[in-house]
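One structure is given below, encoded as structure tokens.
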Amino acid sequence: MIDRRVLIVGVAIAVLTGHAHAQPSAIAVADVPGMKLNHYFTPDKKNHEPDFTWTFTKSEFTIKKGAGPIPKHLIEKLLPEGITGDEITGSWKLKDGKLELIDIKAGDKAGKKDVSLPIFKTAPTVVRVCDPDQFVFGVSR
């Protein structure tokens, strides 16, 4: 069950950033491997097409440089200061309405131990991951 505070924060983020499309709802574990990055918002609130990839398997995630680098604000969230990379990997799980990223690595360099990001659906096929900047994914049905 999603914690009421997490839901309230998610709604507040969506409303305050102008990205409210529907009442946020919890995401199922089965939805995560089918997520495909659709677009994201930069810290200055600008919509940005996906120029990097962020994919999920049943238990792992991979973020890779594409036509552009992995966004700096995402690298700062996942890796210690001074560490960078063109590919970030790790494991994931859902816990209390959050996407928990663990065992994070950039090549042979360790990332932050555990990163917790709010995750919620705003439509049957739309998932948002906030850091607080939003990464918007489509979900296969």
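The values are calculated or read from the model by the stated rules, or taken from the named source; none is laboratory data. No experiment lies behind these values; they were computed from the predicted model shown. Cβ placement follows ideal geometry from the backbone for every residue including glycine, while neighbour counts extend to all protein chains displayed. For the accessible areas, the whole protein counts, side chains as well, though only heavy atoms, and no ligand, DNA or RNA atoms are used. Shrake-Rupley method; radii C 1.70, N 1.55, O 1.52, S 1.80 Å.
Here are the numbers for the structure shown:
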{"quantity": "Meets criteria (open to solvent by less than 50 Å² (accessible area, probe 1.4 Å) and over 25 Å from residue 25 (Cα atoms)) for residue 103", "calculated": "no"}
{"quantity": "Residues being within 14 Å of the chain's Cα centre (by Cα), acidic (Asp, Glu) and at pLDDT below 95 - total across the stretch 37-75", "calculated": "0"}
{"quantity": "Top-ranked residue in the stretch 111-140 [being part of a loop (DSSP other than H, G, I, E, B) and either out of contact with any helix residue (DSSP H, G or I) (no Cβ under 8 Å at 6 or more places or on another chain) or small (Gly, Ala, Ser) (or both); ranked as most open to solvent (accessible area, probe 1.4 Å)]", "calculated": "113"}
{"quantity": "Members of the stretch 84-110 found to be modelled with pLDDT of 95 or more and not in a strand (DSSP E or B), listed by number", "calculated": "86"}
{"quantity": "Which listed residue, of 96, 86, is without any contact (Cβ under 8 Å) to a residue 40 or more places away in the chain and among the charged types (D, E, K, R)", "calculated": "86"}
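Each row is one residue, and each column tells you yes or no for (1) touching a Pro at 6+ places or on another chain (Cβ under 9 Å); (2) hydroxyl-bearing (Ser, Thr, Tyr); (3) open to solvent by 70 Å² or more (accessible area, probe 1.4 Å).
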| residue | (1), (2), (3) |
| --- | --- |
| 48 | yes, no, no |
| 52 | yes, no, no |
| 63 | no, no, no |
| 72 | yes, no, yes |
| 75 | yes, no, no |
| 80 | no, no, no |
